[in-house]
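The values are calculated or read from the model by the stated rules, or taken from the named source; none is laboratory data. Model, not experiment: these values are computed from the prediction. Please note: Cβ atoms are built from the backbone with ideal geometry, for glycine as well, and neighbour counts cover all protein chains shown. Keep in mind that these areas ignore ligands, DNA and RNA; they rest on the heavy atoms of the full protein, side chains included. Shrake-Rupley method; radii C 1.70, N 1.55, O 1.52, S 1.80 Å.
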Amino acid sequence: MGILRCSDGKAVTIVGSFPPMQEGESLMASGEWQVHNRYGKQLSVAQWERLLPVTKEGLIRYLSSGLIKGIGPVTATRIVDYFGLDTLEIMENEPHRLQEIEGIGAKKAAGILKSYQQYKDVQNVLVFLQGYGVGVGQAMRLYRRYGADTVKQVRENPYRMAEDVFGIGFKTADKIARQLGLPEDAPARIQASITYTLSRAAEQGHVYLPGELLFERIRDLLDVSGEPLKGEFLEEQLRLMVDQKRLFSEQREGGEAVYYAPFFQAEQGSARLILQLIRLTRQYSSLETAQALGKVKHDSSQLTGEQIQVLEGALLNGVLVVTGGPGTGKTTTIKALLSIFQLIKQKVLLAAPTGRAAKRVTEATGEEAFTIHRLLEYSYTDGEGFRFLRNENNPVDAQVVIIDEASMVDLMLMYNLLKALPSGCRLIMVGDVDQLPAVGAGNVLRDLISAGNIPCFRLGYIFRQARESMIIVNAHRVNQGEMPYLNLKNKDFFFIHEEDPENAAQLVVQLCRERLPNYGPFDPLLDLQVLTPMRKTAAGVDRLNLLLQEALNPPARNKVEASNKGIVYRLGDKVMQIRNNYQKEVFNGDIGLITVIDREEAEMVVTFRDLLQPRPVVYDFTELDELVLSYAISVHKSQGSEYPVIIMPVLTQHYMLLQRNLLYTGITRARKLAVLVGSKKALAIAVRNNRAEDRYSFLDGRLRSGESD
């Protein structure tokens, strides 16, 4: 929504999908008038076009709007004062003349012109795509992927968009393809629908889909009734893709399993490499292991029998799984594993899936832990793009690799890790199998355990100090299907009864703004984290973020703002990265604070504090769709993190996602204090609902069968 001032001086409210705009720009818009019950009369814009300014004042506003990097108000004024109304023509046809302006050297002029050209390219892309109903955010993602060739690439093969660009769905690509004349039964359309359906399934955690379910989803996607698209034609295209090795198909007891090629290769390859690690395990001498084990027992007299069994198992086996809930000594076990392998002079590397988890392991053990991507040296190389530099031809330098928070490791990451382990290396996976599964495809930790032929140790003893924490006690009670103890005096777990979702949302705000900072004291931004099961409810992620932003970081004259897709980002806001960006080395779920908003350079700086060390990361304004406000986040996004305090609404309105492992995961994110707001009925629903998330995965079956090809 925005305000457009017309040529006659009147202001009208306009709504629609627009590119980033600044005050003072000129726009021609067309659409239909509507009357909103809250905002009154407004123009719902169907088509728009940016207009070039025709006055010196308009030119200055246009150039200094933040859309062209390197030109702020002062520089814009100098350029327009010098070139007058010919400014844009000179920038277009005689760009070298910019250097005639005081303060603009060759380097700055080159930067300005590059940004100006990109800006024009973006406008061409936006104008082309708006006719096909493609939103601004999607168009910007396409431009970042294809650059100046965006229009050409889209015309040649619209379906590439759905595969290449995050957030572009098959239906968007299909709409463009149909308008460009591609027939309903075109092989390219059917094949794109198959790969898209399997890719979407992977986003939901599935490694493959049963054939019948795949065809059912494709028919729903294509929404067709025509004879050419019945089963025989779909089957024909699928078999063609199998012949081309773009898909793989296997017959199982329950029917056909269809894989997108990368996931088949990852599942089959992971099984082969795990079995190879087991087969090629280096056996240590009984004398050196006995001496090392004796010393570790002596130095760590508090080790339990369970933990000693883990140490013995690690000395004997090439692959090992250690699982257990909070307070059962997983971190202590990792420290003991480090000690025993160092005593027998083995090089050990520690890693975790996220920067936050790696930081916690480093702090707990005193040894540097890497993210798995950093361990595998994920980097950009000319001609090949981003890839793991550590692989089967360039393995990591280690005899033992220990992975913490292993429940977060998805199949593709596991496969790349296994490829980078040298022959004879030991792999130890440590994690809590009862937490939510990985965000990506696969169920690696659960599959390793259920295979039955991988040594697995479950830590069950809760240490005395941990038993004093109601956070840990209640987490275990929830995991066992028992209601948590509520509001015991002088404890770290509180439940506030409130059944009404709107009242619960306001209560969460009050807790973050006043009650908990005064109780702690806790910093509202650095110490408190709101977790919620759903996004689109009165007490969901989206609504709570707006309420908490207003309460904790309200607008002020000294707080610069930027906006994207209706979201206002303000200096000091708490934000989260929502997809992996390997170029910036920030990953899905990383949380930071906005520390700089530079409107002249059209850039925003976010300082991430959950990485191995605080690090500022620069975002162009066109990249803001990678960030969301994170005063409140989903429980899924909190995996691998710990926060001093969590506040979590648990309401019957969240019925669809009230599951035991979700409640368990949320509670175990709290380090000092957990506060639940909601109803006992909703709590009981979550505790009773032990429906595990079903994922189509066959890593355990391949391991059981000893599959190596």
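Does the stretch 483-492 contain at least one residue that is without any contact (Cβ under 8 Å) to a residue 60 or more places away in the chain, acidic (Asp, Glu) and either surrounded by 15 or more Cβ atoms within 10 Å (Cβ to Cβ) or within 24 Å of His636 (Cβ to Cβ) (or both)? Within the stretch 483-492 (the criterion being without any contact (Cβ under 8 Å) to a residue 60 or more places away in the chain, acidic (Asp, Glu) and either surrounded by 15 or more Cβ atoms within 10 Å (Cβ to Cβ) or within 24 Å of His636 (Cβ to Cβ) (or both)), the answer is no, since none of the residues qualifies. Set side by side, the residues Lys347, Lys330 differ, and just one is open to solvent by 70 Å² or more (accessible area, probe 1.4 Å) and charged (D, E, K, R), which is Lys347.
Tell me, which residue of the stretch 647-671 that is over 25 Å from Asp523 (Cα atoms) and of a type in the set (Ser, Thr, Tyr) is most open to solvent (accessible area, probe 1.4 Å)?
Taking the stretch 647-671 and keeping what is over 25 Å from Asp523 (Cα atoms), we get 651-662.
Remaining after also requiring of a type in the set (Ser, Thr, Tyr): 652, 655.
Values: Thr652: 62, Tyr655: 139 Å².
Top of the filtered list is Tyr655.
Scanning the stretch 593-610 for residues that are in contact with a Lys or Arg (Cβ under 6 Å, 6 or more places away or on another chain) and either open to solvent by 30 Å² or more (accessible area, probe 1.4 Å) or under 30 Å from Phe388 (Cβ atoms) (or both) turns up Glu601, Phe608, Asp610. Counted as qualifying within the stretch 301-414 are the strands (runs of 3 or more DSSP E) with 2 or more residues that are touching a Ser or Thr at 6+ places or on another chain (Cβ under 9 Å) and of a type in the set (Val, Ile, Thr), namely 319-324.
Inside the stretch 156-187, residues that are touching a Leu at 6+ places or on another chain (Cβ under 7 Å), of a type outside the set (Phe, Trp, Tyr) and in a helix (DSSP H, G or I) make up a count of 1.
Select, from Asp185, Asp243, the only residue that is touching a Pro at 6+ places or on another chain (Cβ under 7 Å) and either of a type in the set (Phe, Trp, Tyr) or surrounded by fewer than 20 Cβ atoms within 10 Å (Cβ to Cβ) (or both).
Numbers: Asp243 fails: touching a Pro at 6+ places or on another chain (Cβ under 7 Å).
Result: Asp185 is the single residue among Asp185, Asp243 that is touching a Pro at 6+ places or on another chain (Cβ under 7 Å) and either of a type in the set (Phe, Trp, Tyr) or surrounded by fewer than 20 Cβ atoms within 10 Å (Cβ to Cβ) (or both).
Being touching a strand residue (DSSP E or B) at 6+ places or on another chain (Cβ under 9 Å) and open to solvent by less than 40 Å² (accessible area, probe 1.4 Å) holds for only one residue in Leu436, Leu389, Leu375, and it is Leu375. Against the list (1) more than 19 Å from the chain's Cα centre (by Cα); (2) open to solvent by 50 Å² or more (accessible area, probe 1.4 Å); (3) not aromatic (Phe, Trp, Tyr), the condition Gln549 fails is (2). Within the stretch 395-425, the residues that satisfy the criterion of being closer than 20 Å to Thr362 by Cα and in contact with a strand residue (DSSP E or B) (Cβ under 6 Å, 6 or more places away or on another chain) are Ala398, Val400, Val401, Ile402, Ile403, Asp404, Glu405, Ala406, Ser407. Only a single item in (1) crowded, with 24+ Cβ neighbours inside 10 Å; (2) of a type outside the set (Val, Ile, Thr); (3) part of a helix (DSSP H, G or I) is not met by Ala674, and it is number (3).
For the subset of the stretch 202-253 comprising residues that are part of a loop (DSSP other than H, G, I, E, B) and farther than 26 Å from Asp447 by Cα, which member is modelled with the highest pLDDT? It would help to see each step written out before you state the result.
First pass over the stretch 202-253, keeping only residues part of a loop (DSSP other than H, G, I, E, B): 204-207, 223-226, 230, 244-246, 253.
In the following step, the residues that additionally are farther than 26 Å from Asp447 by Cα were identified as 223-226, 230, 244.
Values: Asp223: 72, Val224: 59, Ser225: 53, Gly226: 50, Lys230: 55, Gln244: 94.
So the residue we want is Gln244.
Within the stretch 281-296, can you find the residues that are open to solvent by less than 90 Å² (accessible area, probe 1.4 Å) and in contact with a helix residue (DSSP H, G or I) (Cβ under 9 Å, 6 or more places away or on another chain)? Scanning the stretch 281-296 gives Thr281, Tyr284, Glu288, Thr289, Ala292, Leu293, Val296.
Suppose we filter the stretch 677-689 for residues that are small (Gly, Ala, Ser) and either open to solvent by 10 Å² or more (accessible area, probe 1.4 Å) or within 16 Å of Phe493 (Cα to Cα) (or both); how many remain?
Taking the stretch 677-689 as the starting set, the residues that turn out to be small (Gly, Ala, Ser) are 678-679, 682, 684, 686.
Next, from what is left, pick out any that are either open to solvent by 10 Å² or more (accessible area, probe 1.4 Å) or within 16 Å of Phe493 (Cα to Cα) (or both): 678-679, 684.
Result for the stretch 677-689: 3.
Here is a check on your reading of the model: is Leu413 surrounded by fewer than 24 Cβ atoms within 10 Å (Cβ to Cβ) and not charged (D, E, K, R)? For Leu413, the condition - surrounded by fewer than 24 Cβ atoms within 10 Å (Cβ to Cβ) and not charged (D, E, K, R) - is met. Considering only residues in the stretch 567-592 that are more than 17 Å from the chain's Cα centre (by Cα), buried (at least 17 other Cβ atoms within 10 Å of the Cβ) and part of a strand (DSSP E or B), the one that is modelled with the lowest pLDDT turns out to be Ile567. Condition first: part of a helix (DSSP H, G or I) and under 30 Å from Pro521 (Cβ atoms). Now tell me which residues in the stretch 600-646 satisfy that. Once the filter is applied, which keeps residues that are part of a helix (DSSP H, G or I) and under 30 Å from Pro521 (Cβ atoms), the stretch 600-646 yields His636, Lys637, Ser638. Suppose we filter the stretch 330-363 for residues that are modelled with pLDDT of 90 or more, farther than 12 Å from Val296 by Cα and small (Gly, Ala, Ser); how many remain? Adding up the residues that qualify gives 2. Tell me yes or no: at least one residue of the stretch 58-80 is over 22 Å from Ala602 (Cα atoms) and at pLDDT 75 or above. No, that holds for no residue.
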